[in-house]
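The values are calculated or read from the model by the stated rules, or taken from the named source; none is laboratory data. A quick note: this is a predicted structure, and the numbers were derived from the prediction, not measured. Positions of Cβ are generated from backbone atoms using ideal geometry, with glycine treated the same way; all protein chains shown enter the neighbour counts. Note: areas computed on protein heavy atoms with side chains; ligands, DNA, RNA excluded. Shrake-Rupley method; radii C 1.70, N 1.55, O 1.52, S 1.80 Å.
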Amino acid sequence: MDRREVAAVLAYIGRLDPRTIRTDAGEARDQIAQWQELLDDVPFATDHGWDVREAIRAHVLDSPYPILPVDVARRWRAHRRDRLDRHTDPTPAADPDDPVAWRAELLRSRNAVAAGLAAPSTHRQITGGSPSRHVEERLREIGSCIPPTVRAELARYRPTRATREADAAKGVPDALSVRCEWCHAPVGAPCRQRRASPDGAARGNAVRTTPHPSRVDLAAARTERHRAA
């Protein structure tokens, strides 16, 4: 801000908080000089979300103390930092084999965002909202977000999940929905081999391709109870 803008800022502050008004001409000049020194790199307003008057109003409403130039400068720095945090560098148009031009273009875009001359580029930002209509129609068509051909290819890499999905399609109770009382496998985890040694200790820890029969029976009994309820 230049001296004229700083004088306008001080006049605005004086209307909101008369404690800051300087009636002596010398004191007023010193006040303008002090504020301009600290707000030299702070814009009066930008096209993208910053207005020094809003920062002043916020301070007057939130703090019982008279506003100082450092309060405005800190709000501007926080605003600029927030803009840069939301900015994703777009791919420069410069030749990538020219690192000097590439870096210069990146710096120009960042400086423009920091100064409020350009809006942050948030093309990688996750947005909310419901899926578009064509996505919903496609999901209804294939019945899953994973196409059948891809699911078939993945089956050999995740046999446990493939078995559960096949059982669900056939209406068979999901054995992995209950804890196995034989090998103590938790819910969702496959059963493991559990052989007893001559001394009575449990041996083996290999994953079974099928759940233990007792686990299958337990899952079926629980399903019947739910149906009866």
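Brief remarks follow.
- Residue among SER121, SER144 that is outside any helix (DSSP H, G or I), of a type outside the set (A, V, I, L, M, F, W, C), surrounded by 14 or more Cβ atoms within 10 Å (Cβ to Cβ) and modelled with pLDDT under 85: SER121
- Restricting attention to region 58-73, the residues that are within 15 Å of THR20 (Cα to Cα) and surrounded by 13 or more Cβ atoms within 10 Å (Cβ to Cβ) add up to 8.
- Every residue from region 217-229 that is of a type in the set (A, V, I, L, M, F, W, C) and open to solvent by 60 Å² or more (accessible area, probe 1.4 Å): LEU218, ALA228, ALA229
- Qualifying residue in region 27-41 (condition: part of a helix (DSSP H, G or I), closer than 27 Å to SER121 by Cβ and touching a helix residue (DSSP H, G or I) at 6+ places or on another chain (Cβ under 9 Å)): no
- When PRO198, PRO131 are screened for being at pLDDT below 75, closer than 30 Å to HIS48 by Cα and in a loop (DSSP other than H, G, I, E, B), only PRO131 passes.
- Screening region 84-94 for residues that are open to solvent by 50 Å² or more (accessible area, probe 1.4 Å) and without any contact (Cβ under 8 Å) to a residue 24 or more places away in the chain and picking the one that is nearest to THR122 (Cα to Cα) gives ASP85.
- Boolean, GLY188 is out of contact with any strand residue (DSSP E or B) (no Cβ under 9 Å at 6 or more places or on another chain), modelled with pLDDT under 85 and either closer than 19 Å to ARG158 by Cα or open to solvent by less than 70 Å² (accessible area, probe 1.4 Å) (or both): no
- The conditions of being more than 27 Å from ALA118 (Cβ to Cβ) and not in a loop (DSSP other than H, G, I, E, B) are not met by ARG74.
- When residues of region 165-179 are limited to those that are without any contact (Cβ under 8 Å) to a residue 40 or more places away in the chain and not in a helix (DSSP H, G or I), the one surrounded by the fewest Cβ atoms within 10 Å (Cβ to Cβ): GLY171
- The set of residues in region 90-115 being of a type in the set (Asp, Glu) and not in a loop (DSSP other than H, G, I, E, B) consists of GLU105 alone.
- Residue count for region 74-83 under the criterion of being within 13 Å of VAL9 (Cβ to Cβ) and either open to solvent by less than 70 Å² (accessible area, probe 1.4 Å) or of a type in the set (A, V, I, L, M) (or both): the result is 1.
- Residue that is modelled with the lowest pLDDT [pool: residues in region 201-213 that are of a type outside the set (A, V, I, L, M, F, W, C) and open to solvent by 60 Å² or more (accessible area, probe 1.4 Å)]: ARG203
- Selection of first residues in region 25-44 that are touching a residue at least 12 places away in the same chain (Cβ under 8 Å) and of second residues that are open to solvent by less than 90 Å² (accessible area, probe 1.4 Å) and among the acidic types (Asp, Glu), restricted to Cβ pairs under 6 Å at least 6 apart or on distinct chains, gives the following pairs, ordered by first then second residue: PHE44/GLU5.
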